[in-house]
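Below is one structure, written out as structure tokens; comments come after it.
Nothing in this text is a laboratory measurement; each read-out follows from the coordinates by a stated rule. Computed from a predicted structure; not experimentally measured. In this analysis, Cβ positions are derived from the backbone assuming ideal geometry, glycine residues included, and neighbour counts consider all displayed protein chains.
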Amino acid sequence: MINDNVLLEKSLKFATRIVKLYQYLVKEKKESIISKQIIRSEHLLVQTQMKLFMV
């Protein structure tokens, strides 16, 4: 159970970093294609992690 909390915590930190990366790419670098793909991938990862923790 403790390991699950560590994994959940690390997953949420990673998701936060990905969102910040997305925001940086869109704002500073004016990059839209790669940033959209990154955010889609992150969303999929979060969905998968949440399913694992709900079971």
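A few remarks follow.
Here's the yes/no breakdown for (1) surrounded by 12 or more Cβ atoms within 10 Å (Cβ to Cβ); (2) of a type in the set (K, R):
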residue: L8; (1), (2): yes, no
residue: F14; (1), (2): yes, no
residue: R17; (1), (2): no, yes
residue: K20; (1), (2): no, yes
residue: L25; (1), (2): yes, no
residue: K30; (1), (2): no, yes
residue: Q37; (1), (2): no, no
residue: H43; (1), (2): yes, no
residue: V46; (1), (2): yes, no
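- Members of the stretch 15-36 found to be aromatic (F, W, Y) and closer than 22 Å to M50 by Cβ, listed by number: Y22
- Test result for E9, acidic (D, E), assigned to a helix (DSSP H, G or I) and more than 9 Å from the chain's Cα centre (by Cα): yes
- Residue count for the stretch 16-55 under the criterion of being farther than 22 Å from V6 by Cα and not β-branched (V, I, T): the result is 15.
- Of all residues making up the stretch 24-34, the number that are in a helix (DSSP H, G or I) and farther than 18 Å from K13 by Cα: 5
- Verdict on I18 being without any contact (Cβ under 8 Å) to a residue 24 or more places away in the chain and either assigned to a helix (DSSP H, G or I) or in contact with a strand residue (DSSP E or B) (Cβ under 7 Å, 6 or more places away or on another chain) (or both): no
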